[in-house]
1. Hey, A:Ala352 hits all of (1) surrounded by 22 or more Cβ atoms within 10 Å (Cβ to Cβ); (2) more than 8 Å from chain B (Cβ to nearest Cβ) but one; which does it fall short on?
2. What about A:Leu295, is it crowded, with 19+ Cβ neighbours inside 10 Å and more than 14 Å from chain B (Cβ to nearest Cβ)?
3. On the basis of being more than 14 Å from every other protein chain (Cβ to nearest Cβ), at pLDDT 95 or above and buried (at least 18 other Cβ atoms within 10 Å of the Cβ), does A:Ile196 make the cut?
4. Scan region B:337-348 for residues that are away from chain A (no Cβ under 14 Å) and either part of a helix (DSSP H, G or I) or surrounded by 22 or more Cβ atoms within 10 Å (Cβ to Cβ) (or both) and jot them down.
5. When the residues of region A:256-278 are filtered to those that are among the hydrophobic types (A, V, I, L, M, F, W, C) and in a helix (DSSP H, G or I), which remaining residue is surrounded by the fewest Cβ atoms within 10 Å (Cβ to Cβ)?
6. With region A:1-95 as the region, which strands (runs of 3 or more DSSP E) entirely inside it contain at least 3 residues that are surrounded by 14 or more Cβ atoms within 10 Å (Cβ to Cβ) and among the aliphatic types (A, V, I, L, M)?
There are 2 protein chains.
Amino acid sequence: MMDSMLDRILRWAIARIVSHGNLTVVTPAGTRLTFGDGTGEPVTVRLTDRAAAIALLMDPDMRLGELYMDKRFVVEQGSIYAFVHLILREAQNQSHPLPARLIDRARAALRRFRLRNLPGRSKRNVAHHYDLDGRLYNLFLDADRQYSCAYFEYAGQSLEDAQVAKKRHIIAKLRIGPQHRVLDIGSGWGGLACSISDAGAAEVRGVTLSEEQLAFARERPKGGAEGRVHFDLIDYRSVQGRFDRIVSVGMFEHVGLAYYETFFRTAGRLLADDGVMLLHTIGCSAEPGFTTPWLDKYIFPGGYIPSLSEILPAIERAGLIVTDVEVLRLHYAETLKAWRERFLARWDDAKALYDERFCRMWEYYLAAAEVAFRCEDLVVFQIQLAKSNKTLPLTRDYIGAEHPPVAAKFTSVETPLGSAA
Amino acid sequence: MMDSMLDRILRWAIARIVSHGNLTVVTPAGTRLTFGDGTGEPVTVRLTDRAAAIALLMDPDMRLGELYMDKRFVVEQGSIYAFVHLILREAQNQSHPLPARLIDRARAALRRFRLRNLPGRSKRNVAHHYDLDGRLYNLFLDADRQYSCAYFEYAGQSLEDAQVAKKRHIIAKLRIGPQHRVLDIGSGWGGLACSISDAGAAEVRGVTLSEEQLAFARERPKGGAEGRVHFDLIDYRSVQGRFDRIVSVGMFEHVGLAYYETFFRTAGRLLADDGVMLLHTIGCSAEPGFTTPWLDKYIFPGGYIPSLSEILPAIERAGLIVTDVEVLRLHYAETLKAWRERFLARWDDAKALYDERFCRMWEYYLAAAEVAFRCEDLVVFQIQLAKSNKTLPLTRDYIGAEHPPVAAKFTSVETPLGSAA
């Protein structure tokens with residue numbers, strides 16, 4: 001009796017959001033519910049117990065990932081990516097059922113309250129993610145460990161090449177010259193800082209809050225850049241000095257809404273009067289309020305994904321001038337797809353580092369994030385900033401101009417030089 | 001006694017904002033006050049009477065233009081442009097004296113209250129400016145009557161070529177195809193609509209509120225576009241139908257802050273699901289609050305110059321996605337410079353159409369606007385919009401790709417074809 005009611009509720013709730021595709025859901029009672037129009041890759045998932053089914057109905061955004069980690073939501077055919085894609089590609093036009101909506105709202109309120117990234121908490125938040133065993137990142141990132149959205153110059157470009165193109169694109173927007181002192185806020189494993197140095201900057205200073213990343217960055221082969229690239233473990237708010245160029249890639253997501261003005265005022269203080277800054281951040285292309293509760297809890301505590309309408313007032317109040325905004329759509333979906341494929345291919349190596357629950361968590365993270373970029377409102381903003389109307393050229397032609405000649409400089413450090421290929 | 005006090009106040013007030021250049025001010029008492037460091041083009045101005053001097057001190061933003069129109073502020077050496085440039089290039093870092101600040105504030109409050117562009121008022125506001133004798137515009141615009149910021153592909157490009165480049169740049173961003181129905185909101189004299197048709201669109205509909213502009217647009221030589229371009233006198237809010245492409249150039253300045261959401265919701269209603277829109281508007285690169293009281297009164301009643309932080313929330317609420325933002329800096333300064341030079345060269349023709357006071361008003365408008373783009377916070381935003389993340393290519397390479405081949409299509413109608421040059 002209870003079982004048949006649960007089956008009916010599951011059928012109703014899933015039918016609301018899945019009208020295309022080929023989905024079978026095996027309920028705790030063993031009933032096989034089918035959804036969609038029978039097109040595309042078949043996906044079969046099973047809920048192992050009644051509590052799992054109820055949890056999923058009440059709070060899907062948080063509980064799907066948890067149930068998948070705990071093997072209480074089992075993918076029997078297809079992949080967790082295919083399931084999330086089926087669910088979300090139509091869900092944008094649907095509202096959640098009432099209980100899920102109420103939980104969403106309470107959670108959003110709580111998050112705004114929590115988003116106070118004082119220096120101590122920032123460091124803990126960073127450690128949660130970026131101080132994981134570096135070998136984990138080797139399993140799925142490119143050779144240069146670029147842990148941010150690549151720039152695919154054409155569909156089907158390899159991840160390695162697209163990450164090289166990303167650095168080249170950013171360097172072109174910064175117009176790096178031989179006299180420039182450059183600050184990289186959130187320098188990660190140091191790949192971009194070294195590429196900026198290779199592109200001819202006088203001096204590059206990278207700052208990070210991750211001790212693991214710092215150690216890696218300091219041991220990188222620096223090539224011709226020896227002595228011109230430095231990395232420090234320091235909060236960006238404590239940096240002193242004056243820089244001709246400032247770049248920040250994939251760090252603004254951790255700044256916290258309450259600190260946007262501090263971020264841009266700090267940048268303004270550090271940037272020379274004829275300086276140029278490039279901010280590269282994940283963003284939301286819709287109204288503010290995009291929340292990813294599972295990602296917040298398991299992957300990026302303290303993170304926040306802003307809409308342009310939340311970033312712009314802080315820039316204007318800080319007295320910086322927006323000179324260009326590129327909105328990278330789908331590039332991060334392609335990046336995450338490549339990461340997930342690489343990660344799945346090295347599953348056993350990952351399991352040797354952590355455990356299977358961790359691996360399932362990581363797979364779910366890469367899959368859910370990809371779907372969010374492909375079907376929901378996630379994009380990447382590249383916001384170029386200056387202090388004067390007169391700093392940059394009249395047109396944007398310089399951005400694409402450097403293509404092939406510079407490319408050779410960014411050859412991956414792991415490319416088998418001299419190999420037959 | 002009164003004279004010497006007025007001289008002292010003038011000296012104090014002007015010295016606060018002019019420390020460079022070579023400025024002489026002849027006071028009503030005949031005293032020659034000199035300012036600056038003696039570098040650059042000498043500028044000499046004279047205030048004819050004591051009331052003029054006091055008015056200028058109390059409310060410079062409004063009264064300088066009026067006094068110039070009335071010949072109570074006389075330029076004896078140099079130009080009104082050179083004077084405004086001297087005053088404003090340093091004034092950004094200075095605040096006005098107290099009475100001017102209070103007037104500014106009251107005026108800003110009043111403007112926000114007034115910015116309710118109901119359809120009837122919109123039409124009156126448009127008539128104020130755009131229903132002027134069309135021959136006036138022939139005196140200073142390019143042959144195609146492009147009355148908006150040109151796109152200078154390189155410094156020193158001619159106005160004619162830069163206006164052709166502007167249309168080409170916009171058309172590239174719209175990715176016009178032979179199947180496209182296109183809506184031009186604020187179509188002016190019809191130049192852009194005809195160019196879009198020449199670029200291959202299936203159908204172009206231009207809407208305007210100016211009867212003068214409409215009449216001109218309808219009589220344009222349409223070339224191959226005959227029958228595929230239509231112009232209507234209709235408020236954009238009343239347009240019906242569905243369009244693959246929407247473009248709006250130099251019209252958003254007249255929409256009014258209170259109607260931004262209406263504007264973008266209307267565009268969203270009219271735009272196809274795989275549609276692309278390009279908005280080209282004057283904007284403010286600093287915090288909201290840029291006011292030009294003289295321009296509001298004499299040139300553009302009901303106009304408002306928005307900051308990005310004022311535009312973005314309306315776009316997001318309307319469910320449109322920002323896909324690209326180009327910030328054109330200095331292009332409008334160069335455009336206005338070309339317009340002013342052309343206008344001054346045809347001064348006698350302009351005086352034959354109107355009167356000298358009108359000509360002085362027009363000269364002041366072009367000069368003051370140029371200085372605002374060159375030294376203050378004015379820029380032009382080109383905001384590209386879509387409804388889906390999947391509408392546009394991965395990279396922006398397509399925007400610059402069309403250069404030389406398409407250029408030939410846009411040859412100005414007045415180019416002396418077959419001439420020896």
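The values are calculated or read from the model by the stated rules, or taken from the named source; none is laboratory data. Computed from a predicted model, the values in this text were never measured in an experiment. All Cβ positions, glycine included, derive from the backbone under ideal geometry; neighbour counts span all protein chains shown.
1. (1)
2. Numbers: crowded, with 19+ Cβ neighbours inside 10 Å: yes; more than 14 Å from chain B (Cβ to nearest Cβ): yes.
Answer is yes for this residue.
3. On the way: more than 14 Å from every other protein chain (Cβ to nearest Cβ): yes; at pLDDT 95 or above: yes; buried (at least 18 other Cβ atoms within 10 Å of the Cβ): yes.
Judged against the criteria, A:Ile196 is a match.
4. To start, the set of residues in region B:337-348 that are away from chain A (no Cβ under 14 Å) comprises B:338-348.
If the condition is that a residue be away from chain A (no Cβ under 14 Å) and either part of a helix (DSSP H, G or I) or surrounded by 22 or more Cβ atoms within 10 Å (Cβ to Cβ) (or both), then B:Ala338, B:Trp339, B:Arg340, B:Glu341, B:Arg342, B:Phe343, B:Leu344, B:Ala345, B:Trp347, B:Asp348 are the ones that fit.
5. First, pick out the residues of region A:256-278 that are among the hydrophobic types (A, V, I, L, M, F, W, C): A:257-258, A:263-264, A:267, A:270-272, A:276-278.
Next, from what is left, pick out any that are in a helix (DSSP H, G or I): A:257-258, A:263-264, A:267, A:270.
Numbers: A:Leu257: 18, A:Ala258: 15, A:Phe263: 23, A:Phe264: 25, A:Ala267: 23, A:Leu270: 18.
The qualifying residue surrounded by the fewest Cβ atoms within 10 Å (Cβ to Cβ) is A:Ala258.
6. Numbers: elements: A:22-26, A:32-35, A:42-47, A:73-77.
Hits in region A:1-95: A:22-26, A:42-47.
Here's the yes/no breakdown for (1) under 23 Å from A:Val164 (Cβ atoms); (2) among the polar types (S, T, N, Q); (3) touching a residue at least 40 places away in the same chain (Cβ under 8 Å):
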site: A:Ser195; (1), (2), (3): yes, yes, yes
site: A:Ala201; (1), (2), (3): yes, no, yes
site: A:Arg205; (1), (2), (3): yes, no, no
site: A:Arg237; (1), (2), (3): no, no, yes
site: A:Arg242; (1), (2), (3): no, no, yes
site: A:Ser248; (1), (2), (3): yes, yes, yes
site: A:Glu253; (1), (2), (3): yes, no, yes
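Here's the yes/no breakdown for (1) under 29 Å from A:Leu328 (Cα atoms); (2) surrounded by fewer than 16 Cβ atoms within 10 Å (Cβ to Cβ); (3) at pLDDT below 95:
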position: B:Gln382; (1), (2), (3): yes, no, no
position: B:Leu385; (1), (2), (3): yes, no, no
position: B:Leu392; (1), (2), (3): yes, no, no
position: B:Asp397; (1), (2), (3): yes, yes, yes
position: B:His403; (1), (2), (3): yes, yes, yes
position: B:Gly418; (1), (2), (3): no, yes, yes
